[in-house]
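Q: Would you mind keeping the following structure in view while I ask a few things?
Each reported figure results from applying straightforward, stated rules to the coordinates on display, with no laboratory input. If you're wondering where the values come from, they're calculated on a predicted model, not measured in any experiment. Here Cβ is always computed from backbone atoms with ideal geometry, including for glycine, and neighbour counts include all displayed protein chains.
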Amino acid sequence: MMSQKIIEHLDLGRPGHDWQSFWCGMMENHVKYIPAPDSWTEMITDGEVGSPDRCCRRCQVYTNCTAWSYEGVAGDDTSNCTLMELRVSNFLQKDQDENFVSGLSATAAIANAATFYGVDTSQFGMPIQVRKLS
């Protein structure tokens, strides 16, 4: 099955932290992700994370970070990056907002694709935690 092969390839090619091997799981322009009130979040303010790519990269450093939202203009000193965890019981709430770029970490995007295509992830070398996203 083609979808099985694609998911396996993505799982084997997980992104590294260095820019040569980094890739982000998913990005949505003009969308703000809103975490559930009881979920883990961390906000990085004052332009410390200067672009959506860097926000996604920062998310992928944390094992519990599955989604992120970047607010502002890339390179601006007032941009904000919000890292968040989506658990199985959470649904991803999205709002349209032209000031935001949001996305999923690579691990969350792979798990979401596996769930969508009905791929059994139990045989992968690294466990993929499937989270319910909408």
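Q: Around Phe100, under 14 Å between beta carbons, what's the net of Lys plus Arg minus Asp minus Glu among the other residues?
A: -4
Q: Also: Mind giving me the FRET efficiency for Glu98 and Thr63? R0 is 35 Å, r the Cβ-Cβ distance, nearest 0.05 is fine.
A: For Glu98 and Thr63, the calculated efficiency is 0.65.
Q: In addition: Assigning unit charges at the beta carbon (Lys, Arg +1; Asp, Glu -1) and nothing else, what dipole magnitude in debye, to the nearest 20, does segment 23-109 show about its Cα centre?
A: 380 debye
Q: So which GluC sites (Glu not before Pro) in segment 26-92 are both in a DSSP loop and have at most 16 other Cβ atoms within 10 Å of their Cβ?
A: Answer in residue order: Glu48.
Q: Under 10 Å from the Cβ of Glu48, count the other residues' Cβ atoms, weight Lys and Arg +1, Asp and Glu -1, and hand me the total.
A: It works out to a net charge of 0.
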